[in-house]
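These notes concern the structure reproduced below.
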Amino acid sequence: MGAEVIKIERPGVGDLCRNLVINDQKIGDNSLLFHTFNRNKKSVALNLKSESDLEKVKKLISSADVMIHNFRPGVMERIGLDYSVVSQLNPRIIYGSVSGYGDKGPWRDKPGQDLLVQSLSGLALLSGNAEHNPTPVGLPVLDIAASGNLVQGILAAIIRRGITGKGGLVEVDLMSCAFDIQFEQLTAYVNDNKEPSRSKIANANIYGAAPYGIYKTADGYLALAMMPIALLAELLECEALNQFTQDDAFQQRDEIKDIVADAVKQRTTTAWLEVLEARDVWCADVLDWSRLLEEEGFKALEPLQTVEVTGGEPIKTTRCPIRFDGEYITSSKPAPLLGAHTNQIIL
């Protein structure tokens, strides 16, 4: 979006993400993951334990708009770059801090890692069917949620600075973000204190009424969202559903879902979509990535971009999902080599 984003990395080692390899994929000496996280950024290699390098960092901070770190609580105080120090260097700076569990309480020093926080927060007990083990979300959903909340806080602080002229401290922790994305379910629970349970089959929301969930068809899977039981009985041509009223949709959801599952598996996904979509029922095919990438809906969104990697083959990755004035934001600039911009930025 036009910002100059500068990473401060350790000389010789760099961001640990440079060596965080998933799916055994590397580009040159760095992980493919690093390239996707850090495209279009700059790298300055400085040792924060060196007094002379620390002074160079402080000089850079004095002219920055925003500073972000995700060290555990207490680390920046030991280094000498906590908010009380940085705000004296630059009263207009927006100082963003991300931690696992905030700066107080018995969890303060636990590792702030996505899977661990999902587990502690109850999130892993929302997915999967009743007989399944706790099932975490299959991507770092709390890292993503925390990043989004941090951005919102920083942007709000920038707007406030435009009015007051003063910077501020914006703090986000993964655990609070885990509670935030569970706001519907947690709100329901803390207002009745009744332990929720997952559906026996087709679980998609612990408080969701039947038929909400994913069902196996004759050749694949079908997702069904909210819909009246009477309409469901009609469209599935399922007489057994007529014994239930809409008031039964939550209290007897497992019984209803069992009947729906038996009915849905009698036809193909395409056959059901033709019936259900014709009546504007909320339903969808369940695609794997090979089929997804062939869909015209996927292609119409143009969700991929090519990044030219320094010293390596070009890579494809996702673009920014935001549009400005009708245009998507893309950039072919790669992630930086370690320290590539040190001499350019640190004069």
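Computed from the coordinates by the stated procedures, all read-outs in this text should not be read as laboratory data. Just so you know, these numbers come straight off a predicted model, no measurement behind them. FYI the Cβ positions are ideal-geometry reconstructions off the backbone, even for glycines, and counts take in every protein chain you see.
A few comments on the model shown:
- Residues listed by number, the stretch 54-70, amide nitrogen under 20 Å from R92 label point at 7 Å toward C-beta: 57-68
- Computed over the chain, the percent of Cα pairs more than 36 Å apart is 38.
- Under 5 Å, built H, 5+ apart or other chain: amide partners of C320: I329
- Residues of type lysines that K299 reaches as a straight line, Cα spacing below 21 Å, ignoring anything fewer than 8 places off in the same chain: K316
- Sorted peptide list for 136-148, 15-27, criterion being average Cβ within 10 angstrom, highest first: 136-148, 15-27
- Spacing of the two label points (7 Å from each Cα toward its C-beta) at T270 and Q344, in nm: 5.2 nm
- For the stretch 184-269, the set of trypsin sites (Lys or Arg not before Pro) satisfying both a DSSP loop assignment and a count of at most 11 other C-beta atoms within 10 Å is given as K194.
- Computed from the Cα positions only, the extents of the stretch 213-286 along the three principal axes stand at 29, 21, 19 Å, in decreasing order.
- Sites excluded, GluC sites (Glu not before Pro) in DSSP loops with at most 13 other C-beta within 10 Å, longest stretch of the chain: 5-130
- Counted by Cβ distance under 10 Å from E131, the other residues give a net charge of +2, where Lys and Arg count +1 and Asp and Glu count -1.
- The stretch 278-286 - phi-based ³J(HN,Hα) in whole Hz, Karplus 6.51/-1.76/1.60, Gly and Pro as x: 5, 9, 6, 7, 6, 8, 7, 5, 10
- Working note: 222 nm ellipticity from helices only, DSSP H runs with n ≥ 4, each -39,500 (n - 2.57), summed and divided by the residues of the chain, gives -9500 deg cm²/dmol to the nearest 500.
- Under Karplus coefficients 6.51, -1.76 and 1.60, residue-wise ³J(HN,Hα) of the stretch 220-237 in Hz, glycine/proline x: x, 9, 9, 9, 10, 9, 5, 6, x, 4, 4, 5, 4, 4, 5, 6, 7, 6
- Length available on full extension from H132 to V85: 0.36 nm per residue minus the Cα-Cα distance, which gives 12.0 nm.
- Virtual spin-label span in nm between L54 and L293, 7 Å along Cα→Cβ: 4.8 nm
- Computed label-point distance, nm, for sites T306 and E237 using a 7 Å Cα→Cβ extension: 5.0 nm
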